[in-house]
1. Looking for whichever is in contact with a Lys or Arg (Cβ under 9 Å, 6 or more places away or on another chain), among the β-branched types (V, I, T) and within 9 Å of another protein chain (Cβ to nearest Cβ) here; the options are A:V269, A:V294. Which one fits?
2. Inspect all residues belonging to segment A:41-50 and state whether any of them is farther than 22 Å from A:L316 by Cβ, in contact (Cβ under 8 Å) with a residue 24 or more places away in the chain and of a type outside the set (S, T, N, Q).
3. Could you list all residues from segment B:238-265 that are out of contact with any helix residue (DSSP H, G or I) (no Cβ under 7 Å at 6 or more places or on another chain), facing another protein chain (nearest Cβ under 8 Å) and surrounded by fewer than 21 Cβ atoms within 10 Å (Cβ to Cβ)?
4. Could you check B:K321 against (1) open to solvent by 20 Å² or more (accessible area, probe 1.4 Å); (2) facing chain A (nearest Cβ under 8 Å); (3) free of Cβ contacts under 8 Å to residues at least 12 places away in the same chain and say which number it fails?
5. If I ask for residues that are touching a strand residue (DSSP E or B) at 6+ places or on another chain (Cβ under 8 Å), outside any strand (DSSP E or B) and open to solvent by 100 Å² or more (accessible area, probe 1.4 Å), which ones from segment A:13-30 would you list?
6. Which is within 27 Å of B:S178 (Cα to Cα) and among the aromatic types (F, W, Y), of B:F320, B:F279, B:F274?
7. Anything in segment A:39-63 that is touching a Gly at 6+ places or on another chain (Cβ under 8 Å) and either modelled with pLDDT of 90 or more or away from chain B (no Cβ under 14 Å) (or both)? List them, or say none.
8. Exactly one of (1) more than 30 Å from A:K81 (Cβ to Cβ); (2) in contact with a strand residue (DSSP E or B) (Cβ under 6 Å, 6 or more places away or on another chain) is unmet by A:L122. Its number?
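The values are calculated or read from the model by the stated rules, or taken from the named source; none is laboratory data. None of these values were measured; they are calculated from a predicted model. For neighbour counting, all protein chains shown are included, and Cβ atoms are generated from backbone atoms with ideal geometry for every residue, glycine included. Calculation scope for accessible area: heavy atoms of the full protein, side chains included, ligands and nucleic acids excluded. Shrake-Rupley method; radii C 1.70, N 1.55, O 1.52, S 1.80 Å.
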There are 2 protein chains.
Amino acid sequence: MKTKQIVLASRPNGIPTLNDFRSENIELNDLKKGEVLLKGLYYSVDPYMRGRMNEGKSYVPQFELDQPIEGGVLATVVESKSDLFKTGDTVLGALPWSEQMIASEKGLQKIESTVESLTYYLGILGMTGLTAYFGLMQIGKPKAGETVVVSGAAGAVGIVVGQLAKIQGARVIGIAGSDEKVKMLKEEFGYDEVVNYKTNTNMKSTIAKLCPNGVDVYFDNVGGSISDAVIENLNFHSRIALCGQISLYNSTEIPMGPRIQPMLLTRSVLMQGFIINNFQKDFPEGIAHLSKWVNEGKLKFTETIVEGFDQLPTALLGLFKGENNGKMIVKR
Amino acid sequence: MKTKQIVLASRPNGIPTLNDFRSENIELNDLKKGEVLLKGLYYSVDPYMRGRMNEGKSYVPQFELDQPIEGGVLATVVESKSDLFKTGDTVLGALPWSEQMIASEKGLQKIESTVESLTYYLGILGMTGLTAYFGLMQIGKPKAGETVVVSGAAGAVGIVVGQLAKIQGARVIGIAGSDEKVKMLKEEFGYDEVVNYKTNTNMKSTIAKLCPNGVDVYFDNVGGSISDAVIENLNFHSRIALCGQISLYNSTEIPMGPRIQPMLLTRSVLMQGFIINNFQKDFPEGIAHLSKWVNEGKLKFTETIVEGFDQLPTALLGLFKGENNGKMIVKR
């Protein structure tokens, strides 16, 4: 049986382009015992994928040249030689960018949706929500009355972080890249204040004004000069959860900036880089909390859903131009 | 009664000079109830004092212009109107750079020496030893078999850190600024390997060679390009105890360097700035461990003792030129 997949055609130098991807038709093998034939429903598109396109060893395995890109996918079971899944089941897994695919039953998770939209399992109840939850709760540890600043606030993770910080009783300041995003974060997601960094001319003093008691927690999704401005306003004993550095991912040279260690030293700051797998043993706790808040209506979520399997590369590139509100998903 | 004190004459711009200090004779007041008249014995001279010479608020109070410099001082009680101290007692306190001084009984600690040298209470059993102990044990947390790198290894804190890491069963690599220091650290203080950063031409690859399993703990006393070289070699889940940044203290502009967040992020690194006061409640535990190791001969200590009260400013300036081996102390 034939299907279409999207492979990594070349390793990008700097900002990826559509030429770094290639669509191709392949023949699927026959189904073996313990395998299922899946048809993709929704494909997750995430900033961390840029890192996997590079060469060299990292702590997340790199994509291989001429092999399909891989990510979180929600899929329907079309045919099953597994005792665990039957035709019609919905499953979640780390799967290739392919319209249909054969997958081992191992590593697939059956989804019986208890929330409004199936796609939530790629977002608020998936890697995105868990990243926000553990970064904020286990590194940032906001206390009621403290001030939390979130960069990339309108991104998939940022939207969740802000709401979680509000649930903890903190004051929440966001940084985002358009007036529409500013409005959305304040009106729909409960951010106390949001700055548009693209039109602001003095981020350091703006952050200072919006955070009259200083910054206690900085949840950093973007890095670069935005982070410099926040770090200048950190309080003694503040915490930085280092979640993403999307402003630097496409750098071809080592980016330079002010040295931050003297400030972190004199203010006894904690900075912790993390990937979500570090918290794997606590996932059930995280999913339980997030589901509860979602069903109580305390935790809202927004998605940008792009239609069409062929749009996967374009959707991924869109992340680096800030074209998404919240979680970016492609519907086959 | 007259005595001599050394005051801050001007706030240095960049590297301090002798002109930033002034010696003056003053008249001491009469002793009041609860006070003691002290004669200074030994004066501690420490890198953090440079920060206190600056203007502006910080988390350690700044020295005031035309007021005496203050620091850790061991002194003898000459006259007492306190019920806690009698003539002839030895006390430790945060006291002015003055030959004699009147001090409140509050904040003074009576010293009944159980170790070889009284000066140890300014060093290995004082702020220096406690800084090494808590930075390493509560932030670095080295496990047996791990690799610990210490910058400023021949400084007062660095000498202790290396020995404590060896006691924990770690492999210890030092970075120091002369061949004499390299020799001393290896032969006298048990460092496994030490690099002379002043003659080394490629620190990054030298650290890589000396740490074939990568760096698990980095105890940073110096910052700047030395730290850049170490950070490139950090392992997944490694820890940085941010103790000092002496290479940057005299900068008049914000120092620039490679942005470190992308590396800390992908390797899930913890970086924690600290000052010793953060651990105040645990001081008794720290002093107990350190005294035990000192008396068992497992923990050696070296001091540079400069003779003469008038040498205090010169001794302080000497710290920034690397003229000390271990703890710098001035004997009145």
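1. Selected residue: A:V269, the only one of A:V269, A:V294 that is in contact with a Lys or Arg (Cβ under 9 Å, 6 or more places away or on another chain), among the β-branched types (V, I, T) and within 9 Å of another protein chain (Cβ to nearest Cβ).
2. No, segment A:41-50 contains no residue that is farther than 22 Å from A:L316 by Cβ, in contact (Cβ under 8 Å) with a residue 24 or more places away in the chain and of a type outside the set (S, T, N, Q).
3. B:I254, B:M256
4. Result: B:K321 fails condition (2) only.
5. Correct list: A:N29 only.
6. Result: B:F320 is the single residue among B:F320, B:F279, B:F274 that is within 27 Å of B:S178 (Cα to Cα) and among the aromatic types (F, W, Y).
7. A:Y43, A:S44, A:V45, A:D46, A:M49, A:Q62
8. Condition not satisfied by A:L122: (1).
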